[in-house]
Amino acid sequence: MSLVQLVASFRKITDFYRDRSYVPYSGREGASVVLLADGQYVPGVRIENASFSLTMSSVQNALTTAAMIPSSVIVAIYSDQEIDNAEADYIGRFPGMNLKRFSPELFSNAEPSRLPDPKKVCNPTSHLPPTLLPDSGIALARDASHDAVVHESDFPVGCLLQSDSNVGIPGVNIEHPDWSRILCAERNAIGTAITFGAGDIKNVYISAPKDPDASPCGACRQVLVELAQRATVWMDRGKNSAMGEPCDQLLPYYFSGHTIQKPNPLPKR
Ligand code: THU
């Protein structure tokens with residue numbers, strides 16, 4: 001496949017997903033797509049936050065979703081906008097990959113002519129029973145933690161979100177030599193949920209098997225309260241049953257950002 005043909009295929013995919021971006025502060029949508037060695041692809045959209053530094057780029061969202069898929073081999077990433085130097089460094093040092101820049105928007109580990117045609121979306125979501133019990137949700141989050149990428153801390157975390165329509169969205173922590181680019185399990189799951197259009201979240205299950213007292217970090221509380229506000233957050237308590245708290249009670253007096261949202265977001269395409 002030529003570079004031009006490959007970019008055209010990627011462009012079609014990013015065009016499809018772009019308007020799922022959550023960009024109430026800038027209105028600037030963005031989408032990226034990761035290609036796996038078997039021809040499956042993993043999309044990711046841009047997700048902003050009232051606390052600006054917690055914004056997830058589409059590149060980070062796509063890569064962190066792809067990295068948690070068991071035995072996935074990432075061979076390329078394409079972004080619908082030019083990949084800047086900071087993002088290029090993030091991609092270049094991402095664990096277990098060896099991607100080089102081919103064009104302003106494309107990183108790949110081989111000549112485009114040797115890459116597979118992106119043919120099928122790889123969707124990590126599943127259907128959950130509406131009657132899922134808290135401890136069963138925690139068991140699934142604990143299972144998910146086995147897919148964490150934790151070279152830096154050796155501290156795996158697993159998360160499972162349950163949407164109102166009972167879609168299950170997994171997340172794990174994905175680490176990076178640049179610690180400021182490490183993504184927690186909860187935010188990875190939220191990014192995946194938005195990209196795949198999962199809708200409102202009713203339950204968040206979190207497990208850090210190495211720490212029976214673990215609770216979501218401040219950054220995740222801020223992101224969860226903005227994007228899963230009505231959810232109950234269930235925390236693994238080891239041998240005891242799960243502890244549940246309403247999401248907004250985990251971060252009293254949180255910064256909502258409602259006054260900085262753009263009054264007229266861009267019209268949907
Ligand atoms: N971590 C999470 O995944 N979620 C949290 O809420 C707390 C921390 C991860 C991030 C990092 O990979 C490791 O745990 C140690 O901070």
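Considering the range 1-76 at the alpha-carbon level, its Rg and Dmax are found to be 13.2, 42 Å. Take the chain with all the other protein chains still there, run a 1.4 Å probe, and you get 46 Å² of accessible area per residue. Label-to-label distance for residue 53 and residue 103 is 3.5 nm, based on points extended 7 Å past Cα in the beta-carbon direction.
Quick one: which of 136-146, 32-42, 14-24 comes out on top by average Cβ neighbours within 10 Å, and what's the full order, highest first?
Values: 136-146: 20.5, 32-42: 22.8, 14-24: 18.4.
In decreasing order of mean packing, 136-146, 32-42, 14-24 become 32-42, 136-146, 14-24.
Site pair residue 113 and residue 26 shows an inter-label distance of 3.7 nm when each label is modelled 7 Å from Cα along Cα→Cβ.
The alpha carbon radius of gyration of the chain, expressed as a multiple of 2.2 N^0.38 Å, is 0.98.
Against the chain, whose longest principal axis comes from its Cα atoms, helix 218-227 is set at around 80 degrees. For the chain, the longest principal axis of the C-alpha atoms and the axis of helix 58-67 are separated by about 70°.
Computed with every protein chain present, the accessible area of residue 71 is close to 110 Å² [probe 1.4 Å]. Out of every Cα-Cα pair that the range 172-262 contains, those further apart than 22 angstrom amount to 30 percent. The modelled label-to-label distance for the pair residue 89/residue 131, using points 7 Å beyond Cα in the direction of Cβ, is 5.3 nm. Using alpha carbons only, how many degrees (0 to 90, rounded to 10) separate the axis of helix 185-195 from the longest principal axis of the chain? For helix 185-195, the angle is close to 60 degrees.
What is the percent carbon and sulfur in the accessible area of the chain, measuring with a 1.4 Å probe over the protein chains and ignoring ligands? The value for the chain is 53 percent carbon and sulfur by accessible area.
The values are calculated or read from the model by the stated rules, or taken from the named source; none is laboratory data. Model, not experiment: these values are computed from the prediction. Virtual Cβ from ideal backbone geometry, glycine too; neighbours counted across all protein chains shown. Side chains included, ligands, DNA and RNA excluded: accessible areas come from the protein's heavy atoms. Shrake-Rupley method; radii C 1.70, N 1.55, O 1.52, S 1.80 Å.
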